[in-house]
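Readers should treat all values here as calculations from the given coordinates under stated rules, not as data from a laboratory. Quick caveat: nothing in here was measured; it's all calculated off a predicted structure. Using ideal geometry, Cβ is built from the backbone for each residue, glycine included, and neighbour counts are taken over all protein chains shown.
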Amino acid sequence: MFDFAIIGGGIVGLSAAMALGQRYPDARILVLEKESDWAAHQTGNNSGVIHSGIYYKPGSFKAKFCRDGCRSMVVFCQEHNIAYEVCGKVIVATEEKELPLLENLYQRGLANGIEIAKMSGEEVKEIEPHVSCLAGIRVYSTGIADYRQVCQKYVELIRDRGGELRLNTRVEKILETPQGKVLETNQGTFTANFVINCAGLHSDRVARLGRVNPQAKIVPFRGEYYELKPEKRYLVKNLIYPVPNPNFPFLGVHFTRMIDGSVHAGPNAVLSFKREGYKKTDFDLWDFLETMTYPGLWKLAAKHADEGIKEIVRSFSKAAFVRSLQRLIPEVQSDDLLPTHAGVRAQALMDDGKLVDDFLIVEGRNALHVCNAPSPAATSSLEIGKEIAERVPAPQHLKIAVG
């Protein structure tokens, strides 16, 4: 019998397990991951950015957890000798119509307590010489890190506290019994007093296994990237972002210097026909039918048809992708870019067509279900883990750690 069972071995699930072990040092903790390695999906395929929290609605979980997580992630990397760098980034307006949106973003950053500064186009050029823009915002606290390395350290710390971690273990049923929650898996049966669902791309399905309706469905969006050839990396010093569409949850194609020195350009955002569909050709009939018959998807598509078409065109036309990047750096040419990895964003969507724009944690009977944790979940992972540990009712037989 375990005190806590966490379903999902991405950065959020591992952080939750770590936080529970810190809060309840004597707890028996189990982490179940269906893949053969940790952080195999959203975490392992993200851009590696330590986000500042500038984009998110003041007072939201994303705003608070990201701002605080930006700081705690840097401290964590320092303490555990994990590769990171606080390099800052610029967000730039390239057209007159974007200037009011840039101002709104600046005010939101101030409201969220982010260290930022307005910049003229000339000032942007001083730190990113190849960018062409009218104005910008400098975000000082943004950084980059190796999140796979972060997750490996989370795993070590969980094990050091006696936690049990199992790979290649897929949860197939969740049963409620007088003895506790019974998790039936492809590797046997486990019983726990409390279950935390951090299953990412499958979090809504796992919630329903536990007889909880999260009132939203995960719709997978693939984000495709190109990489600058090594001889062209000089075009990008750090991180360069456009002004995002405030009505769309994606930040637009941008340039990111990774912790290994490579520079990635992207991502776009296209509907995936498989929840773990990292290639254009990936297809799963059940995933496809579930997505395409969901009323919320068609309501979303109707509201954002123009943006959706642009994203699809960028997916199939390198020239269109390059034109989007040239808005930021006119010198970039098609021959400068090589295809690289893609990621899949687990985006929760309501049946009325509204995207869930905050982290969504749904309570069940002796369970918590994290049903929307896309970006900036990696940045926020330590804070999400703390929130989960604080929300779990204190077991009577376990003492809470002091300090």
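Considering only residues of the range 78-127 that are more than 26 Å from A145 (Cβ to Cβ) and small (G, A, S), which is surrounded by the fewest Cβ atoms within 10 Å (Cβ to Cβ)? That would be S120.
For the range 37-72, a residue qualifies if it is more than 14 Å from the chain's Cα centre (by Cα) and closer than 18 Å to R148 by Cα, and the qualifying residues are D37, W38, S72. Checked against (1) surrounded by 17 or more Cβ atoms within 10 Å (Cβ to Cβ); (2) over 30 Å from C77 (Cβ atoms); (3) not hydroxyl-bearing (S, T, Y), E184 passes all but condition (1). Would you confirm whether or not the range 273-285 contains a residue that is in a loop (DSSP other than H, G, I, E, B), out of contact with any helix residue (DSSP H, G or I) (no Cβ under 7 Å at 6 or more places or on another chain) and closer than 30 Å to F4 by Cβ? Scanning the range 273-285 turns up no residue that is in a loop (DSSP other than H, G, I, E, B), out of contact with any helix residue (DSSP H, G or I) (no Cβ under 7 Å at 6 or more places or on another chain) and closer than 30 Å to F4 by Cβ. If you go through the range 306-357 and keep only what is of a type in the set (V, I, T), in contact with a helix residue (DSSP H, G or I) (Cβ under 8 Å, 6 or more places away or on another chain) and not in a loop (DSSP other than H, G, I, E, B), you end up with V313, V322, V344. The set of residues in the range 66-93 that are under 16 Å from L239 (Cβ atoms) and among the β-branched types (V, I, T) comprises V74, V86, V90, I91, V92.
Among the residues making up the range 195-216, those that are outside any helix (DSSP H, G or I), buried (at least 21 other Cβ atoms within 10 Å of the Cβ) and of a type outside the set (G, A, S) are V195, I196, N197, C198, P214. Scanning the range 287-327 for residues that are among the hydroxyl-bearing types (S, T, Y) and either buried (at least 17 other Cβ atoms within 10 Å of the Cβ) or under 24 Å from the mean Cα position of the chain (by Cα) (or both) turns up T291, Y294, S315, S324.
Across the range 231-272, the number of residues qualifying as more than 26 Å from V150 (Cβ to Cβ), outside any loop (DSSP other than H, G, I, E, B) and not hydrophobic (A, V, I, L, M, F, W, C) comes to 4.
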